[in-house]
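The values are calculated or read from the model by the stated rules, or taken from the named source; none is laboratory data. No experiment lies behind these values; they were computed from the predicted model shown. Here Cβ is always computed from backbone atoms with ideal geometry, including for glycine, and neighbour counts include all displayed protein chains. Side chains included, ligands, DNA and RNA excluded: accessible areas come from the protein's heavy atoms. Shrake-Rupley method; radii C 1.70, N 1.55, O 1.52, S 1.80 Å.
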Amino acid sequence: MSDLRKINIDGTEYEMPGEYTLMQACEEAGAEIPRFCYHERLSVAGNCRMCLVEWVGAPKPQASCALQVKDMRPNRDGTPANIRTNSETVKKAREGVMEFLLINHPLDCPICDQGGECDLQDQAMAYGRDSSRFEENKRAVDDKFMGPLVNTVMTRCIQCTRCVRFITEVAGVQEIGLASRGEDAEITTYLEKSLTSEMSGNVIDLCPVGALTSKPYAFNARPWELEGVESVDVMDAIGANIRIDSRTGRVLRILPVMNDDINEEWISDKTRFVWDGLSRQRLDKPFIRKNGKLAPAGWDEALALAAEKLSGDPEKIAAIAGDLCDAESMKALKDLMDGLGVKSLECRQDGSKINAEDRRGYIFNTTIAGLEQADAILIVGSNPRLEAPLINTRIRKTWIEGNLEIGLIGEAADLTYDYAHLGTTPADITAFMGSNKGFARTFKSAKNPVVIIGSGALSRKDGDQVLRACGEIAKEFGVVREDWNGFNVLHNAASRVGGLDMGFVPGEGGSDLDGILSGGFETVYLLGADEFDTSKLKDSFVIYQGSHGDAGAHIADIVLPGAAYTEKDGLYTNTEGRVQMGFAAVSPKGDAKPDWAIIRALSGHMNRELPYDTADQLREKLMEDHPEFAGLNYIAPPAEGKVFAPETLGASGKMSATAFTSPIDDFYMTNPIARASKVMAECSEVARDAQVKEAAE
């Protein structure tokens, strides 16, 4: 229960929690408090002074962001402290602060990318004076190099230090700071190096002026020219909420949408800047391979040939779903393959050994927000900084704010927080179970222990055995109990949990990914699947359906152009098991069509029409067959009375002595859209050069 304190704000008495800042209390009371340096998710700096309010009786106005309600002592007669947010004193103080902020600020508004979305611009209109008394020469500051993503015009900077606090506190890399003092103070990257954090683009949103803007977006559009659609990110399995801004059918910008349960108000750089890849290397018409070369074809010709090739022996046919697929397209393909009697279906194109009947065996049970309750985390075979940057920032947040202890079994890496490195091989899992000292002792005594198993542990040949070992850790250390489930599988593919939910896995007698790639299949249907060695399918007839000309299209005999995630409505289930809806921001390119519609048309060519003609009818069938999809922004609870026993997952047997490795070598090159992006290629090159330089040193 909060410690409630009485406070008088603008003549009305309120009861407010003592830990509220004065700014929060005033806004709770309905007052509008301007600010530049204050941000709810960063530490308090108190250096812009724009949030000044009057504390009646105090000698001067007070910075409301830096005072808490419990600091406000009562008046001498015992009445609550009297705060005024709109008095003449406050008005004059804010005008003075704004005048100082604008002393050196250039008149760049007509050519500044922040124009129309600039806090300084808005607040200068609302709280500033109508003239300037400053006649001296303006101060100028050299622009800083921050890499291929962040553009700098440092003369505009007002030293609010939001970027410094974000990079240090949230991203966890100390690469931006405030150097010098007084008139010489300036934000700098110290050594003029590119920012290395996977979250660095968030400083663009945080900057309240035009000092830090998006380099790829520069001079492309004004905010009032853009049409925005809220959607879901598919660059990883987190399902960050995003807004896709477009103009004349072209995506020009991707921004975060606040969701405290998933991404708070951050997104990764890949999510934010991958948009230029949406217009490059696109498949915009059907192709058929003739005389060894892909040649353009009509839809009827391509679908007729595909129907012919899928009409053979079902035991010689297989289908693989890729990482970016929406649930509707996978459901349509599964229904078609089920109708044909095909058993070799696979949605785990990384080869992960996951096929649990109980959903809790393959989702992130703690939930992303639930990580903040953890007091000990064991990470196995994962690098969350590369696989799920937003989960990594949540772990760091908990580590900073609480007494969180972290252990890692796997490849050592800079995760932006301290951890105990417990080893690199599966044998270290067994050793951890038998230990009663160090982190093992801490983990055993933890109130809310968490195990996070990554793709680096599950996509190995002995993934089943590693999963079983992790399940035994969960049992041994009390990770799963009635009021807490700390057993988590961290996926890195947006489609993975949805595919597992609908059973897009081998049926009885069917082959998994290794079996499909080992040969013997006459026809293989690739639904946006590119992340494996496609050369192993050279002896099969390959039908590739997707949006980009990547590895799958290169090996294909038929190419069916699908829609990218920004061009279709679709359901995506994130690693927590939370179902979310993505929405189309622009139309598909050329002759491309939504993926489910292509499969529905193909079923017609095979005289096996699927029982739905619209996307809504398909979703109704999906929810009817798989109730997990029935609630949007919702994680379906487990069946009542069903006990989850993690120690029964996977399979018993001997584990390999091979060390765990990260499934992601290059954060910026993990899918066809990213590989088509010029910006991601620049980021990849910068990161690679930094690694080479670090290794040389």
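Things worth noting here:
- Restricted to segment 203-214, and to residues there that are β-branched (Val, Ile, Thr) and not in a loop (DSSP other than H, G, I, E, B), the residue that is farthest from Asp418 (Cα to Cα) is Thr213.
- If you check Ala440, Ala493 for being of a type in the set (A, V, I, L, M) and assigned to a loop (DSSP other than H, G, I, E, B), only one passes: Ala493.
- The set of residues in segment 327-350 that are under 21 Å from Leu303 (Cα atoms) and not small (Gly, Ala, Ser) comprises Glu328, Met330, Lys331, Leu333, Lys334, Asp335, Leu336, Met337, Asp338, Leu340, Val342, Leu345.
- Pair list, Cβ under 6 Å, 6 or more apart: segment 284-301 residue touching a residue at least 24 places away in the same chain (Cβ under 8 Å) and of a type in the set (Phe, Trp, Tyr), other residue assigned to a strand (DSSP E or B) and open to solvent by less than 80 Å² (accessible area, probe 1.4 Å): Phe287/Leu294; Phe287/Val559
- Identity of the residue in segment 220-260, assigned to a loop (DSSP other than H, G, I, E, B) and closer than 14 Å to Glu117 by Cα, that ends up nearest to the chain's Cα centre (by Cα): Leu226
- Qualifying position, being under 30 Å from Glu640 (Cα atoms) and at pLDDT below 95, among Asp335, Asp358, Asp326: Asp358
- Filtered by the rule that a residue be farther than 27 Å from Tyr612 by Cβ and in contact with a strand residue (DSSP E or B) (Cβ under 8 Å, 6 or more places away or on another chain), segment 324-361 gives Ile354, Arg360, Gly361.
- When we screen Ser547, Ser518, Ser511 for residues that are of a type in the set (Ser, Thr, Tyr) and surrounded by 24 or more Cβ atoms within 10 Å (Cβ to Cβ), the only hit is Ser547.
- Residue that is least open to solvent (accessible area, probe 1.4 Å) [pool: residues in segment 35-58 that are of a type in the set (Gly, Ala, Ser) and under 14 Å from Leu22 (Cβ atoms)]: Gly46
- Residue among Ile400, Ile368, Ile409 that alone is at negative phi, in contact with a strand residue (DSSP E or B) (Cβ under 7 Å, 6 or more places away or on another chain) and aliphatic (A, V, I, L, M): Ile409
- Segment 343-378, residues that are without any contact (Cβ under 8 Å) to a residue 60 or more places away in the chain and buried (at least 19 other Cβ atoms within 10 Å of the Cβ): Gly370
- Checking the stated criteria, Ser200 turns out to be open to solvent by less than 10 Å² (accessible area, probe 1.4 Å), hydroxyl-bearing (Ser, Thr, Tyr) and outside any strand (DSSP E or B).
- Taking the conditions (1) open to solvent by 50 Å² or more (accessible area, probe 1.4 Å); (2) closer than 30 Å to Ala690 by Cβ; (3) within 28 Å of the chain's Cα centre (by Cα); (4) not hydrophobic (A, V, I, L, M, F, W, C) in turn, Asp616 satisfies each one other than (2).
- If only residues of segment 1-14 that are open to solvent by 10 Å² or more (accessible area, probe 1.4 Å) and of a type in the set (A, V, I, L, M, F, W, C) are counted, the one that is farthest from Thr161 (Cα to Cα) is Met1.
- Hits in segment 485-508 - residues which are open to solvent by 10 Å² or more (accessible area, probe 1.4 Å) and not small (Gly, Ala, Ser): Asn485, Asn492, Leu500, Asp501, Val505, Pro506, Glu508
- Glu192 fulfils the conditions (1) farther than 26 Å from Ile664 by Cβ; (2) open to solvent by 10 Å² or more (accessible area, probe 1.4 Å); (3) outside any loop (DSSP other than H, G, I, E, B) except for a single criterion, (3).
- Glu482 being in contact (Cβ under 8 Å) with a residue 12 or more places away in the chain and open to solvent by 30 Å² or more (accessible area, probe 1.4 Å): no
- Residues of segment 402-421 satisfying the condition of being of a type outside the set (Phe, Trp, Tyr) and either part of a helix (DSSP H, G or I) or open to solvent by 50 Å² or more (accessible area, probe 1.4 Å) (or both): Asn403, Glu405, Glu411, Ala412, Asp414, Asp418, His421
- Residue count for segment 15-33 under the criterion of being under 14 Å from Arg84 (Cα atoms), part of a loop (DSSP other than H, G, I, E, B) and open to solvent by less than 50 Å² (accessible area, probe 1.4 Å): the result is 3.
- When residues of segment 151-189 are limited to those that are over 27 Å from the mean Cα position of the chain (by Cα) and part of a loop (DSSP other than H, G, I, E, B), the one nearest to Phe273 (Cα to Cα): Val153
- Search result, residues across segment 607-663 that are touching a Phe, Trp or Tyr at 6+ places or on another chain (Cβ under 9 Å) and not in a loop (DSSP other than H, G, I, E, B): Ala615, Leu618, Arg619, Glu620, Lys621, Leu622, Met623, Pro646
- Residue within segment 670-682 that is among the basic types (Lys, Arg), more than 30 Å from Gly423 (Cα to Cα) and modelled with pLDDT of 95 or more present: yes
- Criterion (surrounded by 13 or more Cβ atoms within 10 Å (Cβ to Cβ) and more than 26 Å from Ala690 (Cα to Cα)) met by exactly one of Cys163, Cys157: Cys157
- Top-ranked residue of segment 80-116 - restricted to ones that are part of a loop (DSSP other than H, G, I, E, B) and within 22 Å of Met23 (Cβ to Cβ), ranked as most open to solvent (accessible area, probe 1.4 Å): Asn86
- Verdict on Ile242 being open to solvent by less than 10 Å² (accessible area, probe 1.4 Å), hydrophobic (A, V, I, L, M, F, W, C), free of Cβ contacts under 8 Å to residues at least 60 places away in the same chain and under 20 Å from Thr393 (Cβ atoms): yes
- Counted residues, segment 264-321 - those being closer than 19 Å to Ala601 by Cα, hydrophobic (A, V, I, L, M, F, W, C), touching a Leu at 6+ places or on another chain (Cβ under 9 Å) and not in a strand (DSSP E or B): 8
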